[in-house]
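Read the structure below first, then the notes.
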Amino acid sequence: MHGISFVIPTYNDSTLTVDCIKSICNLNDLKNIKYEIIVVDDSSHNFFFDDLKEKIKNLNLNIISLLKNDKNMGPAGTRNRGAKNSKYEYIFFLDYDTQILEGGIANFLKKITNCDALVGIYDFKPLNKGSFALHKAYLNH
């Protein structure tokens with residue numbers, strides 16, 4: 001099915017994960033695109049998982065699925081579980097502590113038409129301050 005499945009693996013965090021979700025939902029890039037957000041918790045402590053579940057519930061969005069691994073599977077296994085539960089043509093992996101800037105999805109969709117996969121940063125302006133983040137954005141863009 002045409003659209004984007006965002007897969008976000010997380011572990012022992014609710015605040016940054018919800019910030020990541022909000023960065024997706026606030027994008028004008030997605031106004032005319034079907035999408036879903038799949039958050040896969042990698043067997044966090046119950047306090048963190050329950051807090052995350054409550055914060056996602058308070059967002060009141062029916063496009064978010066929250067899964068929890070029975071045991072810690074690491075980032076790759078957690079991403080794979082999210083991908084297996086996706087329903088759309090494109091799978092966009094995000095780390096829980098990242099955010100998407102406006103224009104990132106448009107850039108992604110423009111570039112993915114010529115590729116099977118894309119890896120990297122989709123904007124020249126990093127959210128984090130410091131020269132390392134800036135150089136990494138320039139390198140990976």
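Read-outs: derived from the displayed coordinates by stated rules, not from any lab. The structure presented is a predicted model; accordingly, all values stated were derived computationally and were not measured. So basically every Cβ, Gly included, is an ideal-geometry build from the backbone, and we count neighbours across all protein chains shown.
Things worth noting here:
- Between amide H atoms placed 1.01 Å from N, distances below 5 Å from residue 88 occur with 5, all of them 5 or more places distant or on a separate chain.
- Gyration tensor verdict on the stretch 1-113 (Cα atoms; rounded if a/c is under 1.5, prolate if a/b is larger than b/c, oblate otherwise): prolate
- Taking amide H as placed 1.01 Å from N in the peptide plane, residue 64 has its amide H under 5 Å from the amide H of 37, each at least 5 places away in sequence or on another chain.
- Note that the stretch 82-89 has calculated 3J(HN,Hα) couplings of x, 4, 5, 9, 7, 10, 9, 4 Hz, one per residue in order, obtained from phi through the Karplus relation 6.51 cos²θ - 1.76 cosθ + 1.60 (θ = phi - 60°); glycine and proline are x.
- For residue 99, nonlocal amide neighbours, meaning residues 5 or more places apart or on other chains whose placed amide H falls under 5 Å from its own, do not occur.
- The stretch 53-120: mean projected area of Cα convex hull, nm²: 6.0 nm²
- Added length on full extension, which subtracts the Cα-Cα distance from 0.36 nm per residue, residue 15 to residue 113: 31.9 nm
- The stretch 1-102: GluC sites (Glu not before Pro) in DSSP coil with no more than 15 other Cβ atoms inside 10 Å: 89, 102
- Square roots of five times the Cα gyration tensor eigenvalues for the stretch 29-82, Å: 22, 16, 7
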